[in-house]
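> Quick one: this structure, given as structure tokens, is what I'll be asking you about.
Values quoted throughout were computed directly from the atomic coordinates according to the rules given, and no laboratory measurement underlies them. Keep in mind it's a predicted model, so treat the numbers as computed, not measured. Cβ coordinates were reconstructed from backbone atoms using ideal geometry, including for glycine residues, and neighbour counts include every protein chain displayed.
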Amino acid sequence: MANLRIEHLNKRYGAATVLNDVSLSIEAGEFVVLVGPSGCGKSTLLRMIAGLDGASSGDIHIAGRLVNTLAPAERGIAMVFQSYALYPHMDVRKNMTFGLKFTGVPPAERKRRVAEAARMLRLEDLLERYPRDLSGGQRQRVAIGRAIVREPAVFLFDEPLSNLDAALRVSTRVEIARLHRMLKATIVYVTHDQVEAMTLADRIVVMNKGRLEQVGKPLDLYYAPANLFVAGFIGSPAMNFFEAKVESVEGGRARVTGAGFRNLDLPATALKVGDALTVGVRPEHLAQGTTGPFVAEGVVELVERLGESSFAHVRRADDRLFVAEVRGRETPTPGERMTLIAAAQDVHVFDASGLRVS
Amino acid sequence: MPEPVSQIVAQMPRGKRAGLLLLFLGPAVAIYSLFSIYPLIATMALSTYTSDPSGARHFVGLANFETLLGNSLWSKPFWNALGNNLIFFTVHMCVQNPIGIALAGLLSLPGLKLKGLYRTVMFLPTMLSVVIVGFSWNLILSPLWGVASGALKAVGLGSLFAPWLGLESSALVTLSLISVWQFVGIPMMLIYAALLNIPEELIDAARVDGLGHFRIFFHIKLPLILPTISLISVLTFVANFNAFDLIYSVKGALAGPNFSTDILGTFFYRTFFGNQLQLGNPTMGAAVATVMFFIILVGVCLYLFLVQRRIRRYAL
Amino acid sequence: MTIEQRARSVGVHLVLVAYSALAVGPLLLVVMNSFKTRSAIFGAPLAPPDAATFSLVGYEKVFRASNILTYFSNSLIVTLVSMALVLLLGAMAAWALTEYRFRGSTVLALFLSIGIMVPIRLGSVAILNMMRSAGLNDTLTALILIYVAQGLPMAIFILSEFIQQIPTDLRDAARCDGVPETRIFLEVIAPLLRPAIATVAVFTIVPIWNDLWFPLILTSSDSTHTVTLGVQQFLGQYITDWNSVLAALSMAILPVVVIYVILSRQLIAGLTSGAVK
């Protein structure tokens, strides 16, 4: 398995810039997930790594080789497509070996690789079937099998689970994680689903409008989002945001006020009076209580009960809603006043431009 | 998948339904049956009669067909026309369809500039009347004008030139090529549409698999457009065996030189209407038409039963 | 090289340009030379007309010696009326077949689709007899009836496909409101068929305008000739008069080209979307 290095990659279509100065370094054997909303450029980036689209500028190195001008087949990559892209007029076995024939792999070797991949993916009984006779999950496995037999340096996955139903998605996710461990493969995986990102990735790359917002381990992104976008994107349900302002600064500490929460006391560092801030707290970090570094209050509007945990939607003073997780059988009732507290380390503060304030 | 039939309609009273059907379907079915189906059947019926000089008709069963196929006065020109028609068809299958497929393949390359312009221009000849096409080419190839001979001389192939349209040996093939020139647009457009239908991801997968563009065309695209190709083949067959206009407008009803460009359509016309060499013979004309109908029917049935069943439409 | 590079490669464009030249060249040649004097036609056939060689003598002859304007109006009448009838009757039939299913509807659909494959010309003997006995020989009406019969199967086929895509809910909603069936057809369904009109038009108009066979068989007098037949006979008659011949050809070419260029996008879109079915 090999590493992947992307340097200052740019892609423009006419006047629109789809990828803006993207640089990324991926270690051998790492499972990296590119995640972000539609149009953020993640699929474009993947296609460029694959060589299906050319970049406007920038370099891509795979396993130490500069691959900018190489065709997809020469880069040592294999790709699993969103719609599986299986050749409808070939059976499963042919689908998997077709590409190998043209890259000069001898018949005996082809046979061995197919048998190996079929065993790994439990496809042995399906080798003679045609794609139209397979279920969605089976087709997905064949698509993965087709990638495995290429024995590539890097695996590329383009939203492979979005065409599957919910239950299948979970089991296939587990399958992919298992394969990653078994093959010790370097994987670049694109999805818009942050749950997939959190569960599968060694590192997550959050993208937005052609830029990298943050790159890091899943829990790092969860506990220490670098900006407003990442904070709101990672975690479900999403983080609550409170608009706030610096009221006064003295003695190295700043007083921050805003609608829906009692005054917050922060270490001052670079804050000035009048600075606009956004304060973020995750629903799961809000607990019932009356005193703490951060206290939010409001009237319960709606409670969604999911069993052990429930989500209370609370309307605060500025008429906006925030969500708090409540555990246990006792749940608040709509109309009730609630006071919720959060620990200091669970309060995230972002400045006017959306960047984290340390 | 067609939409399920509306429940309201399903529960309509019979009389009302019948009335609606009559109103909506009646005119179309009437005109179609009267002017399309009935004449065919009437012609086939007519072919079993002959007319004598007084104009009276006598039922003779299949005698007309025996004459057509057995009597050398009739059978020689008939088989000649049939053979020529086969040559006409073969030229189309070997030249028109491959060129159409190749052009469609080029046009469907992603990112091709000026695609619309090429398509518009290349489809233009198909829009024109066959009369125009035939005559224009007649002029261009004419030794009197010298355009064709001049063009060949300019590339050093002047010796190749001959009055192809006037020579017995080359007239039919030349006319076939002119027809190909005119109608390439149709297979081109149909195959282009079919190629567009192939999902982009399939092509991407093939590129990742290591296939170059030619291989992608032959191993991936071609098998998937085979249904369209076979449809085009049968349409070509029907059109070619029904052809008439081009030959008539370039060579007239006699389809010279020396009947070398005579195909079934012109043979039918001559038999039916007559010309300076013979009187019109409606009953024999009907017989010729019936034979033509069965030839076309055989071709279509072969297509429907052999090809349609074997070739699968892959769900893409 | 990437597929984008290949698409831009010189080779591809060379082939396409060459073939385009082959497609358009002969027509350009004819039209160009129709505006030249006879000596210029023969002397320098490939040169465009300039001030010295420009001449309209061919066109004058065409207008004088033939009823080209009558032919044009005949063709226009026949084509437009046929297309209108094909669209109306075809839409009605397609609607009835799709919506008011009944026991024999598949058989009827099959019956109608025979016309797509089987050439109507083969019944000409009987058609001529019918027209003669109906007194319709040598009339535009005869042509119109034939062309409508010829164009209906394909139109019904294409329109059925379109109608099937209109959601049932739309039709039922109107029925729940108590709207009578004919109004539903005219005001709900018909407007939705507009995209299909381009497709049907392509398959209907072009063969009718360009048809030689039926005008040849059914119209005997000059005043009922269509453009295609008229030009063909003019050409046959004045075959040595190159100016006139080229002018007649150009006059037959130009209207079609102009309309085609204007409508090309709709035409091609219609063809590719209909053909896919």
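> List, in order, the whole-Hz ³J(HN,Hα) value for each residue of the stretch B:285-293 obtained from phi through the Karplus relation with A = 6.51, B = -1.76, C = 1.60 and θ = phi - 60°; use x for Gly and Pro.
Running phi through 6.51 cos²θ - 1.76 cosθ + 1.60 with θ = phi - 60° gives x, 4, 5, 4, 4, 4, 4, 4, 4 Hz.
> Once you keep just the Cα pairs under 8 angstrom separated by 6 or more residues, what percentage relative contact order results for the stretch A:4-233? Numbers along the way, then the final one.
Values: 416 pairs, mean separation 67.4, N = 230.
Rounded, it is 29 percent for the stretch A:4-233.
> What residues qualify as long-range amide H neighbours of A:Asn68, i.e. H under 5 Å apart, gap of 5 or more or another chain, H built at 1.01 Å from N?
A:Ile60
> Right, another one. Taking the Cα centre of the stretch B:166-316 as the origin, how large is its charge dipole in debye, to the nearest 20, when only Lys and Arg (+1) and Asp and Glu (-1) carry charge on their Cβ atoms?
Numbers: 9 positive and 7 negative charges, 64 e Å.
In total the dipole reaches around 300 debye.
> Spelling out what I want: for every residue of the stretch A:224-235, take phi, set θ = phi - 60°, compute 6.51 cos²θ - 1.76 cosθ + 1.60 (Karplus), and round to whole Hz; glycine and proline get x.
Once rounded to whole Hz, the list reads 9, x, 7, 8, 4, 5, 5, 4, x, 8, 7, x.
> Let me ask something else. Enumerate by residue number the GluC sites (Glu not before Pro) in the stretch A:253-337 meeting two conditions: DSSP loop (anything except H, G, I, E, B), and at most 10 other Cβ atoms within 10 Å of the site's Cβ. If you can, show how the numbers build up before the last one.
On the way: sites: A:Glu284, A:Glu297, A:Glu301, A:Glu304, A:Glu308, A:Glu325, A:Glu330, A:Glu336; in loops: A:Glu308, A:Glu330, A:Glu336.
Answer by residue number: A:Glu308, A:Glu330.
> Between B:Asn71 and C:Asp177, what is the label-to-label distance in nm when each label sits 7 Å out along the Cα-to-Cβ direction?
Each label point lies 7 Å from its Cα, and together they span 6.8 nm.
> Hey, another quick one. Counting only other chains, and only Cβ atoms inside 10 Å, what mean value do you get across the residues of C:175-187? Don't skip to the answer; put the middle values down first.
Working: counts 5, 1, 0, 0, 0, 1, 8, 3, 0, 0, 3, 0, 0.
The mean count of partner-chain Cβ atoms within 10 Å per residue comes to 2.
> Please work out the Kirkwood hydrodynamic radius for the stretch C:92-216, using every pair of different C-alpha atoms, and report it in angstroms with one decimal place. Spell out each step's value before the answer.
Details: mean 1/r = 0.0605 Å⁻¹.
About 16.5 Å, per the Kirkwood formula over Cα pairs.
> Obtain the nm distance between the two label points defined at C:Leu22 and B:Glu200 by a simple spin-label model: each point lies 7 Å from its Cα along the Cα-to-C-beta direction.
Placing both labels 7 Å along Cα→Cβ, they lie 3.1 nm apart.
> Right, here's the next one. Cα gyration tensor of the stretch C:3-55, axes a ≥ b ≥ c as square roots of the eigenvalues: rounded (a/c below 1.5), prolate (a/b > b/c) or oblate? Don't skip to the end; give the middle numbers.
Numbers: a/c = 4.57, a/b = 3.84, b/c = 1.19.
Taking the square roots of the gyration eigenvalues as a ≥ b ≥ c, the stretch C:3-55 is prolate.
> Sorted by mean Cβ packing within 10 Å, highest first, what order do the peptides C:140-149, C:30-39 take? Don't skip to the end; give the middle numbers.
Values: C:140-149: 24.0, C:30-39: 20.6.
Highest-to-lowest ranking by the protection proxy: C:140-149, C:30-39.
> Straight-line reach from A:Lys217: which lysines fall under 19 Å, measuring Cα to Cα and dropping same-chain residues less than 8 apart?
A:Lys42, A:Lys184
> Suppose R0 equals 25 Å. What FRET efficiency, 1/(1 + (r/R0)^6) with r the Cβ-Cβ distance, do B:Asn258 and C:Thr240 give to the nearest 0.05? Please report the intermediate quantities before stating the final value.
On the way: r = 23 Å, r/R0 = 0.91.
Computed FRET efficiency for B:Asn258 and C:Thr240: 0.65.
> Moving to a separate point now. Considering the dipole of the protein assembly as shown built from charges on the beta carbon (Lys and Arg +1, Asp and Glu -1) around the Cα centre, which of C:Val10, B:Leu254, C:Gln164 is farthest to its positive end?
Looking along the dipole axis, the top candidate is B:Leu254.
> How far, in nm, would the chain grow between A:Arg112 and A:Val170 when pulled straight, counting 0.36 nm per residue and subtracting the alpha carbon separation? Mind showing how you got there, number by number?
Details: separation 58, 0.36 × 58 = 20.88 nm, distance 2.99 nm.
Fully extending the segment from A:Arg112 to A:Val170 adds 17.9 nm.
> How high is the relative contact order of chain B, in percent, counting Cα pairs under 8 Å that sit 6 or more residues apart? Let's see the in-between values first.
Details: 320 pairs, mean separation 76.0, N = 316.
Worked out over chain B, it gives 24 percent.
> Using alpha carbon centroids, what distance separates the stretch A:223-261 and the stretch B:146-210, in Å?
Cα centroid of the stretch A:223-261 versus Cα centroid of the stretch B:146-210: 70 Å apart.
> Quick check on chain C: take the gyration tensor over C-alpha atoms, sort the square-rooted eigenvalues as a ≥ b ≥ c, and tell me if it's rounded (a/c under 1.5), prolate or oblate. Mind dumping the intermediate values first?
Working: a/c = 2.62, a/b = 1.45, b/c = 1.80.
Oblate is the answer for chain C, as a/c is 1.5 or above yet b/c matches or exceeds a/b.
> Something else: Viscosity 0.692 mPa s, temperature 37 °C: Stokes-Einstein D of the stretch B:223-305 from its Kirkwood Cα radius, in µm² per second?
Values: Rh = 14.0 Å.
For these conditions, the coefficient is 234 µm²/s.
> Could you derive backbone 3J(HN,Hα) for the stretch B:246-253 from the dihedral phi with the Karplus parameters 6.51, -1.76 and 1.60 (θ = phi - 60°), listing whole Hz in sequence and x where the residue is Gly or Pro?
5, 4, 4, 6, 8, 10, x, 5
> In chain C, with Lys and Arg counted as +1 and Asp and Glu as -1 at Cβ, which of these residues, C:Ile41, C:Ala93, C:Leu122, has the Cα nearest the positive end of the dipole, that is, farthest along it?
Most positive-ward Cα: C:Ile41.
> Can I get the semi-axes of the stretch C:32-179's equivalent ellipsoid? Compute them from the C-alpha gyration tensor as square roots of 5 times the eigenvalues, in angstrom, largest first. Display every interim value, and only then the final one.
On the way: eigenvalues 446, 100, 46 Å².
In descending order the semi-axes read 47, 22, 15 Å.
> May I pose another question? How crowded by other chains is C:15-22, given as the mean number of beta carbons from other chains within 10 Å of each beta carbon?
Numbers: counts 3, 11, 3, 0, 9, 9, 1, 4.
For peptide C:15-22, the averaged partner shielding equals 5.
> For peptide C:243-254, compute the average count of partner chain beta-carbon atoms within 10 Å of each residue's beta-carbon. Show your work: numbers first, answer last.
Details: counts 0, 0, 4, 3, 0, 3, 8, 2, 1, 6, 7, 0.
Mean inter-chain Cβ contacts per residue within 10 Å come to 3.
> Something else: Only Lys, Arg, Asp and Glu count, each charged at its Cβ (+1, +1, -1, -1), so figure out the dipole size of the protein assembly as shown about its Cα centre, rounded to 20 debye.
Details: 79 positive and 65 negative charges, 312 e Å.
In debye, rounded to 20, the protein assembly as shown gives about 1500.
> While we're on this one: What share of all Cα pairs of the stretch C:145-253, in percent, falls into each consecutive 5 Å distance bin?
In whole percents, the pair-distance histogram is 2, 10, 15, 14, 12, 10, 9, 8, 6, 6, 4, 2, 1, 0.
> When the convex hull of the C-alpha atoms of the stretch A:173-231 is computed, what volume per residue in Å³ does it have?
Details: hull volume 4.9 nm³, N = 59.
Measuring per residue, one finds 83 Å³ for the Cα hull of the stretch A:173-231.
> Say R0 is 56 Å: what FRET efficiency, to the nearest 0.05, do A:Asp59 and A:Thr339 get from their beta-carbon distance? Can you show the working numbers first?
On the way: r = 55 Å, r/R0 = 0.98.
Working from the Cβ atoms, E equals 0.55.
> How big is the antiparallel share of DSSP beta bridges in the protein assembly as shown, given as a percent to the nearest 5? Walk me through the intermediate numbers first.
On the way: 69 of 87 bridges.
If I count the DSSP bridges inside the protein assembly as shown, around 80 percent turn out antiparallel.
> If the convex hull of the alpha-carbon atoms of the stretch A:4-233 is projected onto planes in all directions, what is the mean projected area in square nanometres? Walk me through the intermediate numbers first.
On the way: hull surface 51.1 nm².
The number I arrive at for the stretch A:4-233 is 12.8 nm².
> Name the residue from B:Val234, B:Pro199, B:Ser75 whose Cα lies farthest towards the positive end of the charge dipole of chain B, charges +1 on Cβ of Lys and Arg and -1 on Cβ of Asp and Glu.
After comparing all options, I get B:Pro199.
> Right, next: Given the stretch A:286-330, what whole percent of its Cα pairs are spread farther than 13 Å? Could the numbers behind the result be given before it?
On the way: 542 of 990 pairs.
Considering the stretch A:286-330, 55 percent of its Cα-Cα pairs are separated by more than 13 Å.
> So how many Å³ per residue does the convex hull of the Cα atoms of the stretch B:210-265 work out to? Walk me through the numbers before you get to the answer.
Values: hull volume 5.9 nm³, N = 56.
Given the Cα convex hull of the stretch B:210-265, per-residue volume reads 105 Å³.
> Also, quick follow-up: Over all directions, what mean area does the Cα convex hull of the stretch C:1-104 project, stated in square nanometres?
Values: hull surface 59.8 nm².
For the stretch C:1-104, averaging the hull's shadow over all directions gives 15.0 nm².
> Reachable aspartates and glutamates from A:Lys11, Cα under 18 Å, same-chain residues fewer than 8 places away excluded?
Excluding near neighbours in sequence, the set is A:Asp21, A:Asp53, A:Asp59, A:Glu213, C:Glu4.
> Can you give me the C-alpha center-to-center distance between the stretch A:271-319 and the stretch C:92-168, rounded to a whole angstrom?
So the two Cα centres are separated by 71 Å.
> Return the percentage of antiparallel bridges among DSSP beta bridges fully within the stretch A:4-233, rounded to the nearest 5 %.
On the way: 19 of 37 bridges.
DSSP beta bridges in the stretch A:4-233 are roughly 50 percent antiparallel.
> May I pose another question? Can you pull out the trypsin sites (Lys or Arg not before Pro) in the stretch A:180-212 that DSSP calls coil and that have at most 12 other Cβ atoms within 10 Å? List each step's numbers first, then the result.
Numbers: sites: A:Arg181, A:Lys184, A:Arg203, A:Lys209, A:Arg211; in loops: A:Lys184, A:Lys209.
The qualifying sites are A:Lys184.
> Here's a follow-up. What whole number of Å gives the distance from the Cα centroid of the stretch A:1-67 to the Cα centroid of the stretch B:92-131?
When both Cα centres are located, 37 Å separates them.
> If you line up the long axis of helix C:227-237 against the longest principal axis of chain C, both from Cα atoms, how many degrees apart are they, to the nearest 10?
30
> Of all the C-alpha pairs in the protein assembly as shown, what % are more than 51 Å from each other? Mind showing how you got there, number by number?
Numbers: 185190 of 451725 pairs.
Considering the protein assembly as shown, 41 percent of its Cα-Cα pairs are separated by more than 51 Å.
> Further question: Tell me whether chain B comes out rounded, prolate or oblate; compute the Cα gyration tensor, take square roots of the eigenvalues as a ≥ b ≥ c, and use a/c under 1.5 as the rounded threshold.
Details: a/c = 2.17, a/b = 1.09, b/c = 1.99.
Oblate, since a/c reaches 1.5 and b/c is not below a/b.
> If each of B:Arg57 and C:Phe111 carries a label point 7 Å out from its Cα toward its Cβ, how far apart are those two points in nm?
Modelled inter-label distance: 2.3 nm.
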